[in-house]
1. Tell me, please, whether a residue that is touching a strand residue (DSSP E or B) at 6+ places or on another chain (Cβ under 8 Å), surrounded by 10 or more Cβ atoms within 10 Å (Cβ to Cβ), modelled with pLDDT under 85 and closer than 21 Å to CYS4 by Cβ can be found in the stretch 51-67.
2. How many residues does the stretch 75-123 contain that are in a loop (DSSP other than H, G, I, E, B) and within 16 Å of GLN25 (Cβ to Cβ)?
3. Assess whether ALA96 counts as being at pLDDT 95 or above, touching a helix residue (DSSP H, G or I) at 6+ places or on another chain (Cβ under 6 Å) and either open to solvent by 60 Å² or more (accessible area, probe 1.4 Å) or of a type in the set (Gly, Ala, Ser) (or both).
4. Kindly evaluate GLU74 against the criterion of being of a type in the set (Asp, Glu), out of contact with any helix residue (DSSP H, G or I) (no Cβ under 6 Å at 6 or more places or on another chain) and either open to solvent by 60 Å² or more (accessible area, probe 1.4 Å) or modelled with pLDDT under 80 (or both).
Amino acid sequence: MFDCSKVVGLNKKLPKDKFMLLRVQEGYANLYFVGSRYKADKQGNVETRDTYVSGADLPSFDYYIKKKGNESIEFFSNTSPSPTMFGLNKMLKRQAAALLADDEALLKRIDAGEFKHEDIPEVISIYNANKAKAKK
């Protein structure tokens, strides 16, 4: 499922334009996965791809979240299949501290290094499960 919305980036400014984002998880915080290109097959499965210049650039994919009650989608973190892209785990820790501050137990696990940038879907899944338990 794609959502069309304004997106708040790292600079915390809301742009004038709206963007199409691929929703990959629903819950208290919807998770979006963004690449530079999308390809859909006849069964409706969507692949996200990134374009980059070999030797000059590295492939990367961004994750965004939209928490219940928020009007805009916010940048959460990014990931890359490249082993030479540095700072991704640090970015996850920083952004989780800012956007998931209402789940102290999960933040402790992230700070302890239990989760890496490639675990972002699992982090948001745990966050959503914790919010659902707290609601009961």
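1. Among the residues of the stretch 51-67, at least one is touching a strand residue (DSSP E or B) at 6+ places or on another chain (Cβ under 8 Å), surrounded by 10 or more Cβ atoms within 10 Å (Cβ to Cβ), modelled with pLDDT under 85 and closer than 21 Å to CYS4 by Cβ, which makes the answer yes.
2. Quick first cut of the stretch 75-123, residues in a loop (DSSP other than H, G, I, E, B) only: 80-87, 100-103, 112-116.
Applying the additional criterion that residues be within 16 Å of GLN25 (Cβ to Cβ) yields 100, 103, 115.
Here the count works out to 3.
3. Answer is yes for this residue.
4. So GLU74 does not fit the description; no.
The values are calculated or read from the model by the stated rules, or taken from the named source; none is laboratory data. Bear in mind that the values here come from a model prediction, so they are computed numbers and not experimental data. Positions of Cβ are backbone-derived with ideal geometry, glycine not excepted, and every protein chain shown enters the neighbour counts. For accessibility, only protein heavy atoms count, side chains too; no ligands or nucleic acids. Shrake-Rupley method; radii C 1.70, N 1.55, O 1.52, S 1.80 Å.
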